[in-house]
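Engineer: Input: one structure, supplied below.
The values are calculated or read from the model by the stated rules, or taken from the named source; none is laboratory data. Fair warning: this is a prediction, and the values are worked out from it, not measured in the lab. Here the Cβ positions follow ideal geometry from the backbone for every residue, glycine too, while neighbour counts run over all protein chains shown. Quick note on the areas: whole protein, heavy atoms, side chains included, nothing else; ligands and nucleic acids left out. Shrake-Rupley method; radii C 1.70, N 1.55, O 1.52, S 1.80 Å.
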Amino acid sequence: MCGIAGVIDLAGQRTISPNIIRAMAQAIIHRGPDEDGFLEAPGISFANRRLSIVGLSDGKQPIYNEDRSIATVFNGEFFDYQTIKARLESRGHKFSTHCDTELIPHLYEDHQEGMLDHLQGQFGIAVWDARQRRVILARDQFGICPLYYAKVQYDGSEWLLFGSEIKAILASGMIRAEPDRLGINHLFTFFGVPGPQSCFKGISALEPGHFLDIRLGSQSHASRIEDKTYWRMDFPQRGQERTGPSLKSLVDDFDREMLASVEKRLRADVPVVSYLSGGVDSSLVVAMASKIRGTPIPSFTIRIKSPKLDETPEATIVAKHIGTTPIIIDVGADEVLNTYPALIRAAEAPVVDTSCSALLLLAKEVNKHGYKVALTGEGSDEWLAGYPWHKVHRIASWVDSVPGLKVSNWMRKFFLWITKAPRYNQAMQNRAINAMSGPNGWLDIYNLFSMAKFRLFSPEMMDLVKNVSPYEDLNLPSERMKSWHPLNRELYVSGRAHLSGLLLNAKGDRVAMNSSVETRYPFLDVNVFNFLATVHPKWKFRGLFGDKYLLRHLSDRYLPSSIAWRKKAMFRAPFDSFHLDNVPPFIDHLLSEESLKKTGYFDVKQVIRWRKEFKKLPSWGLSRVSIEMGLVGVLATQMWHHTFIDHSLADMDYWQAPKIS
């Protein structure tokens, strides 16, 4: 994995100060500490910061085709590099490096933007076609690698900036860091920011499976920018799903797809390790990787300092079964508190999920031990209905099958009552349901968190967002979704919102690359997804409690049954770390009346009220969890604002653009 950045003159062939592109590269040096590279041509400047994993000696970017008319900078990995390279060489292409980046200019020569149909892996790409004066910016199918862009007016001309991180764009000095309150509304809806909205005004995230087709302008014609889709998650029409001749045959097929995916992600010119949580997902990845290698893979495990949240006993069972000795790091309330400022700087957005701190520390430990690449298990819960709200939604669907009774509505009203939720707009709820093509289990869990808006947003924020539906901003294929099984609709939203908005951002790329560690995801292989998408929902979610049913049968071949059939446990750190007694002074600074008024996002009286009152609620209750999550969201948003927008909110560090002289 690496980092890329660039400046494009949309109106012609003006050059930009070299200091600007070098500052952009310096802002993301953590993504690629090994070397840098720059491309400067009339109208464009590209930069790359390289984390060398494949082609260690000759992979310096940018990389060109034979006549140097096509150039590219690249962030990511192509796991089928050797296969595609051989195919291209058979067509007469000449390779000058041993790096997977070189696939891009040769594929572009043959297929133009159609090259994206031939690429599998994780990537953010920038291609410069000098003959056509054309730029292609592209992001991988699931959004593993980030890519942001902004269209700006600067020095009397129109420019497009892009970068693997928002910090690169801000470091250009060509755009001012300002908040986008609609992006903050997304955060308080989805637990993350799935895009295309960001929390910064004027800066957008390129959506997964999309590319920007940029045609530079001249004196005779204007520039053109088109956002195009080259790949989208898809499912069969209801009734056309694959049932297989038997469960065993489906498990056999799944076994082959997963082994192939893990094997590809072990390919590197540096050692590869794995995260191990003790859950079935990461445990299966570790077991398969060890089988493929013929020796136990090094592993890293988090121990949460709470008996209710600690998964190390299960991780130890797996480690002994496989023969690996995990390196364990301890994370408790103090570690969460002390790490959160660094987490916000890394994520470039408010982070509500406190376990992201633990993963930031885990990646730091991987780097400390000299490793650059780690496998992890994200994607399994998304493709195989591993979250508890799928069960809740299934119960609601069952009780609604009674003719004439809409019991689920009463269930939800009771739920709102026990969580002490304020009233909300039913018309907005209906818009969300329509965007999702029907009731959806994700809507229930998102509503639990969205209650924080009604409790804690300022009147000005509520006026701004009260008629805005974040679900409509996700650009869901609503008409096509109507033909899918209801469970597959839930899985689509899971992949589009939860996966790209939280897991691959604040829990994935950003916390790992903050320590120059590339994370790889065997469950996020296109072939694995395509296989699971076609499988009938009854093999994904069996009955009421049979989540990840197919995966558990597969895991039974590699793991102790106690792990393969272990009940789903949500990996998280304590939510209340920020609201206990004796917190660091910066917490009270950020949540002071003065600071809350400066940002204007939140109702001062309500924040102060709930900081006191939530402690009186039962620690096990949904109302306390809902309020705690909301308060973490408030603090994280204030911390983000201090870090990037207005550095006067607290006595604490903030992000500054590098100065290049």
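Engineer: Residue by residue through the stretch 194-204, which ³J(HN,Hα) values in whole Hz follow from phi under the Karplus form 6.51 cos²θ - 1.76 cosθ + 1.60 (θ = phi - 60°), with glycine and proline marked x?
Structural biologist: Per residue, the Karplus-derived 3J(HN,Hα) values read x, x, x, 5, 10, 8, 10, 4, x, 10, 10 Hz.
Engineer: Quick check: net charge around THR15, other residues with Cβ under 10 Å of its Cβ, Lys/Arg +1 and Asp/Glu -1?
Structural biologist: -1
Engineer: Another question, if that's okay. Straight distance only, please: which aspartates and glutamates reach the Cα of LYS598 with their own Cα at less than 17 Å, same-chain residues fewer than 8 apart left out?
Structural biologist: Those aspartates and glutamates meeting the cut-off are GLU178, ASP180, GLU460, ASP588, ASP646, ASP651.
Engineer: Next question. List the residues whose amide H sits under 5 Å from the amide H of SER274, counting only those 5 or more places along or on another chain, with H placed 1.01 Å from N in the peptide plane.
Structural biologist: SER299, PHE300, LEU375
Engineer: Could you check the simple spin-label distance between THR97 and ASP255, using points 7 Å along Cα→Cβ, in nm with one decimal?
Structural biologist: 4.0
Engineer: If each residue of separation counts as 0.36 nm, what is the full-extension length gain between SER220 and ILE660 once their alpha-carbon separation is subtracted?
Structural biologist: 154.8 nm
Engineer: Distance from the Cα centre of the stretch 245-264 to that of the stretch 332-400, in angstrom?
Structural biologist: A separation of 26 Å, based on Cα centres.
Engineer: For the pair ILE327/ARG242, report the inter-label distance in nm, with labels modelled 7 Å from Cα in the Cβ direction.
Structural biologist: 3.8
Engineer: While we're here: Determine ³J(HN,Hα), in whole Hz, for all residues of the stretch 241-246 in sequence, where each value follows from phi through the Karplus function 6.51 cos²θ - 1.76 cosθ + 1.60 and θ = phi - 60°; x replaces Gly and Pro.
Structural biologist: Whole-Hz 3J(HN,Hα) from phi for the stretch 241-246: 5, 7, 9, x, x, 6.
Engineer: Considering the values (1) 0.94; (2) 1.26; (3) 1.00, which represents Cα Rg over 2.2 N^0.38 Å as calculated for the structure under consideration?
Structural biologist: Checked against the structure: label (1).
Engineer: Here is a follow-up. Could you run the Karplus curve 6.51 cos²θ - 1.76 cosθ + 1.60 with θ = phi - 60° over the stretch 291-300 and give me ³J(HN,Hα) per residue in whole Hz, x for Gly and Pro?
Structural biologist: 5, 5, 6, x, 8, x, 7, x, 9, 10
Engineer: Could you please report the charge total around ARG224, scoring K, R as +1 and D, E as -1 over all other residues with beta-carbon less than 15 angstrom from its beta-carbon?
Structural biologist: Here the charged neighbours net out to -2.
Engineer: Along the Cα→Cβ direction, 7 angstrom out, place labels at ARG542 and ASP213. What is the inter-label distance in nm?
Structural biologist: For the pair ARG542/ASP213, the computed spacing is 4.6 nm.
Engineer: Here's another thing I want to ask about it. Express in nm, to one decimal, how much length is gained between SER69 and ILE292 on full extension, taking 0.36 nm for each residue of separation and deducting their alpha carbon distance.
Structural biologist: 76.2 nm
Engineer: Another question, if that's okay. Ignoring everything except DSSP H segments at least 4 long, calculate the 222 nm mean residue ellipticity for the chain; use -39,500 (n - 2.57) per segment, divide by total residues, nearest 500.
Structural biologist: So the calculated ellipticity at 222 nm is -11500 deg cm²/dmol.
Engineer: Give me the net charge of LYS85's neighbourhood, meaning all other residues with Cβ under 10 Å from the Cβ of LYS85; Lys, Arg count +1, Asp, Glu -1.
Structural biologist: That works out to -3.
Engineer: Express the accessible area of the chain per residue in Å², computed with a 1.4 Å probe while the remaining protein chains stay in the model.
Structural biologist: Heavy-atom accessible area per residue stands at 37 Å².
Engineer: Here is a further query. Quick one: grab the alpha carbon gyration tensor of the stretch 213-292, order the square roots of its eigenvalues as a ≥ b ≥ c, and give me rounded if a/c is under 1.5, else prolate or oblate depending on whether a/b is larger than b/c.
Structural biologist: In terms of gyration-tensor shape, oblate.
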